[in-house]
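Written below as C-alpha cells is the structure these notes are about.
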Amino acid sequence: MKKKVFLRLRLTGIHGHMVKAQNEIKDSLKLIDIVVEVLDARIPFSSQNPIINNITSDKARIIVLNKADLADKNVTEEWKKYFMSKGMVCLDTDTSDNNCIKKIVEAIKVKGKEVYLEKNKQKLQKVQIKPIYRVLIIGIPNVGKSTLINKIAKKNSAAIGNKPGVTKKKQWIRVSDNIDLLDTPGLLWPKLDDKNVGAKLALTGNIKQEVLDVEELACVGIDMLVLNSKYKKMLQEKYKLEDEDFELISYDILEKIGRKRGCVISGGNIDMTKAALCFLEDLKSGKIGNISLDLPNV
Ligand SMILES: Nc1nc2c(ncn2[C@@H]2O[C@H](COP(=O)(O)OP(=O)(O)OP(=O)(O)O)[C@@H](O)[C@H]2O)c(=O)[nH]1
Ligand SMILES: [Mg+2]
C-alpha cells in the first residue's frame, strides 16, 4: 500500500486570539522584572516563538527547557550549552522533580536581585529591604507553564491540562513573599509556514492534533525517527520490527506498527487512523523512548 506523504496544516483561527494574547503580554511587560521563557526540551528551536524574543528583548530572561524527562538527555545538555553560550541562564526541568523547581526559584532570586540593584543604582530614595520580583511566564501552548507555576507556588492556582490552550487569560499568582508570577495563555506565532516546525509541534502535542491529517503526521514522525540511528533502534525495539521493515516507506512501516499495536479490523486489515493515533500517543508520551526532534545549530 502506498500513499504520498504530504503534511497539510489547517491552522485557521489561530491568528486572531494569538494577536490578542500578544498585545496583552506587551501591556503587562511594563511591570515585569524577569521573563521566564518555557520551551519544550524535545524541540527547543521549534517551540521558541520569535515574537517572544522581539517583545521581551530588553528584559532579563531565564530559559527553561521543560519536559526534559521526555527528551534525549545528551541533546538537552547540548541545548543548555547553546543557550548559555548566548549569555542566557538556562535550566532543564521536569515539573514533577522538586529539585528542578528549587533551581528555578533560586535562578529567579539571583536574576531578580541583579535586576533590582541595576534599576535602583541611580536612585537616591531608600531602596526597599525586600523587593518583590515580578516574573512573566511565557511560552507556546502546552509546554507546562501553569504546571510550573503551581509547583513553584506549592498550590493549584493555575488551571492545567494535557492539551494546548488551557490558560485563557493572564493571571497573577503570588508564589512566595517576594515572587509574583504572571501566567499567560500559550503564545503561538501566527506564521507556521515552516512545515517541519508545524509537524514537530504536533508530534510533541504543542498544537492540536485535530488540525492535521494524523496518518500523514505519523508518517512524518516515523521518517524523522528513522533518520537517527539511535531513535530508529528505539522504534524497532518498541514495535518488534525487522531490519527489512525499514526498507519500506513510512506508511507501510505504520501499517506494521498498527499490526503490533492490535489495530486490526475485519479481513485482517489495519485501521490506519487508529495505528497513527497509537503511534503518535506513544511518541508524545515518551513510550518509544527519550527523543528530541531539534538539535542545536540545525
Ligand atoms: N512529561 C512532562 N509533562 C509535563 C511537564 N510539565 C507539565 N507537563 C504536562 O504538560 C501538560 C500541559 O501543562 P500546562 O501546565 O497546562 O501547560 P501550559 O503551558 O500552561 O498550557 P496552555 O495554558 O495551554 O498554554 C499537562 O498534561 C502537564 O501535566 C513535565 O515536566 N514533564
Ligand atoms: Mg496554562
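For the stretch 206-245, list log₁₀ I(q)/I(0) at each q in 0.21 Å⁻¹, using the Debye formula over Cα point scatterers of equal strength and ignoring solvent, two decimals each. Treating every Cα as an identical point scatterer, log10 I(q)/I(0) equals -0.71.
Sorting 83, 45, 279 by the number of Cβ atoms found within 10 Å of their own Cβ, with the fewest placed first, yields 45, 83, 279. With a Förster radius of 22 Å applied to the beta-carbon distance between residue 227 and residue 265, the computed FRET efficiency rounds to 0.10. Divide the volume of the convex hull around the Cα atoms of the stretch 152-298 by the residue count and you get 165 Å³ per residue. The translational diffusion coefficient of the stretch 14-183, from Stokes-Einstein at 25 °C and 0.890 mPa s with a Kirkwood hydrodynamic radius over alpha carbon pairs, comes to 149 µm²/s. Please compute the Kirkwood hydrodynamic radius over the stretch 213-284, one decimal place, Å, based on all pairs of different Cα atoms. Answer for the stretch 213-284: a Kirkwood hydrodynamic radius of 12.0 Å. For the stretch 232-286, the relative contact order is 26 percent, taking Cα pairs closer than 8 Å that sit 6 or more residues apart in sequence and dividing their mean separation by the residue count. Largest GNM mean-square fluctuation across 76, 204, 56, computed for the chain with C-alpha springs under 10 Å, falls on 56. Note on residue 30 and residue 78: the extension gain reaches 14.0 nm, defined as 0.36 nm multiplied by sequence separation minus the Cα-Cα distance. Summary of the geometry: the stretch 72-113 and the stretch 146-164, compared by the centres of their Cα atoms, lie 18 Å apart. Think of it as helices only: each DSSP H run of n ≥ 4 in the chain is worth -39500 (n - 2.57), and spread over all residues that comes to -13000 deg cm²/dmol at 222 nm.
List 46, 229 from most exposed to least, where exposure is judged by having the fewest other Cβ atoms within 10 Å. Don't skip to the answer; put the middle values down first.
Details: 46 23, 229 7.
Least crowded to most crowded, the residues run 229, 46.
Taking the C-alpha atoms only, the angle from helix 250-260 to the longest principal axis of the chain is near 80 degrees.
Normalised by the number of residues in the stretch 14-183, the average gap of Cα pairs under 8 Å and 6 or more apart makes the relative contact order 24 percent.
Relative contact order, whole percent, for the chain stands at 23, derived from Cα pairs under 8 Å and 6 or more residues apart.
Helix 14-28 and the long axis of the chain differ in direction by around 20°, with both axes built from C-alpha atoms.
Quick one: angle between helix 272-284 and the longest Cα principal axis of the chain, in degrees between 0 and 90, rounded to 10, please. Orientation of helix 272-284: about 40 degrees from the principal axis. Too long at a 22 Å Cα-Cα cut-off: which of 145/274; 67/151; 30/170; 86/163; 20/67? Flagged as over cut-off: 145/274; 86/163; 20/67. Volume per residue for the stretch 18-82 equals 93 cubic angstrom (convex hull of Cα atoms).
Among 139, 268, 258, the residue with the largest mean-square fluctuation in a Gaussian network model of the chain, with springs joining Cα atoms closer than 10 Å, is 268.
Can you give the extra length, in nm with one decimal, that the chain gains between residue 273 and residue 58 once fully stretched, where that is 0.36 nm per residue apart less the Cα-Cα distance? If you can, show how the numbers build up before the last one.
Values: separation 215, 0.36 × 215 = 77.40 nm, distance 4.63 nm.
Using 0.36 nm per residue and subtracting the Cα-Cα distance, I get 72.8 nm.
Cα convex hull, the chain: 137 Å³ per residue, rounded to a whole number. Among 25, 132, 32, the ranking by other beta carbons within 10 Å of each residue's beta carbon, starting with the fewest, stands as 132, 32, 25.
Only the coordinates and a few stated rules stand behind these numbers; no lab work does. Since this is a predicted model, take the numbers as computed values, not measurements. Using ideal geometry, Cβ is built from the backbone for each residue, glycine included, and neighbour counts are taken over all protein chains shown.
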